[in-house]
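Just below is one structure, and these are the notes that go with it.
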Amino acid sequence: MSSSEIHFNAPLIKYRKLTVLISVLLTSFSLIDVKMTEFRKCVFLDRDGVLNKELGYQITKIEEFELVGGIKEQLARFRDSGFMLIIITNQSGIAKGSYGEEFVYECFDKIQQATGHVIDDMYFAPGHDSLSKSLSRKPDSLMFERAIAKHKVDATHSYMIGDKERDLIPAKKFGIGTILISKQSTSEYADYGVESLSAAADIILKDD
């Protein structure tokens, strides 16, 4: 074909230019989305022994579910400092038949009502090692993995408050700071040891 015979398909060229432009725009918006993704700091909380009083036996009635003193004020301090609040709790009583999932939610509602609904989410593991194995049950980490992914948690600027070593082990896996509330025991997995939720709040807000 001679140069005099060369011709252009104008509509096709315009279509290809438009396709390239759309591709560039989509890529740009994708980069903007990545930059605008905000990873949030979080305080993860065990429930029994941290938010409610540990009575030495498994609670099965809402009347026995007694919150620790000053819980509303302490959780408000976290929220005022920009922390999300997520409960991570083992609830083996479900597997044992002591109570059902509805009781766990009833207790959660009591916490929310007492604190002004400041808790962002709750994860609970219903199994027990004597009956079934589960990666959700602490000290395994599946509940943390789900919470971090769903809520885009910045693990390195977050904390876990628990009253047992098994609460802290999975948090350490993700570089989450750990605080053990206990008047008796210590743990190699605890970055700090305190005797109350208020003392834990003091440490977190001082470090923040």
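The values are calculated or read from the model by the stated rules, or taken from the named source; none is laboratory data. Here the structure is a predicted model, which is why all the values come from computation and not from measurement. Cβ atoms come from the backbone with ideal geometry, glycine included; neighbour counts cover every protein chain shown.
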>> Name the single residue that is nearest to T186 (Cα to Cα) among those in region 133-168 being in a strand (DSSP E or B) and β-branched (V, I, T).
In response: I161
>> Just to check your reading of the model, which residue among K133, K173 is farther than 18 Å from M84 by Cβ, assigned by TED's automatic domain parsing to the domain that holds D48, exposed (fewer than 15 other Cβ atoms within 10 Å of the Cβ) and in contact with a Phe, Trp or Tyr (Cβ under 9 Å, 6 or more places away or on another chain)?
In response: K173
> Can you tell me which of E102, E188 is in a helix (DSSP H, G or I), on the phi < 0 side of the Ramachandran plot and out of contact with any Ser or Thr (no Cβ under 9 Å at 6 or more places or on another chain)?
Replying inline: E102
>> Tell me whether region 176-195 contains one or more residues that are surrounded by fewer than 16 Cβ atoms within 10 Å (Cβ to Cβ) and under 25 Å from F39 (Cβ atoms).
In response: no
> Any residue in region 39-62 that is out of contact with any strand residue (DSSP E or B) (no Cβ under 8 Å at 6 or more places or on another chain), at pLDDT below 95 and in a helix (DSSP H, G or I)?
Replying inline: no
> Filter region 71-99 for residues that are in a helix (DSSP H, G or I) and either of a type in the set (D, E) or within 16 Å of the chain's Cα centre (by Cα) (or both); which is farthest from I161 (Cα to Cα)?
Replying inline: D80
> When you scan region 117-130, how many residues do you find that are assigned to a loop (DSSP other than H, G, I, E, B) and either within 22 Å of K61 (Cα to Cα) or hydrophobic (A, V, I, L, M, F, W, C) (or both)?
Replying inline: 6
> In the set K164, K183, which member is among the basic types (K, R) and within 15 Å of P139 (Cβ to Cβ)?
Replying inline: K164
>> Return the pair list, or none, for Cβ contacts closer than 7 Å from residues in region 87-103 that are assigned by TED's automatic domain parsing to the domain that holds I161 and under 13 Å from I59 (Cβ atoms) to residues that are buried (at least 17 other Cβ atoms within 10 Å of the Cβ) and aromatic (F, W, Y), at least 6 apart or on different chains.
In response: T89/F124; Q91/F124; G93/Y99
> Going through region 149-182 one residue at a time, which ones are of a type in the set (F, W, Y) and either in contact (Cβ under 8 Å) with a residue 60 or more places away in the chain or more than 14 Å from V43 (Cα to Cα) (or both)?
Replying inline: Y159
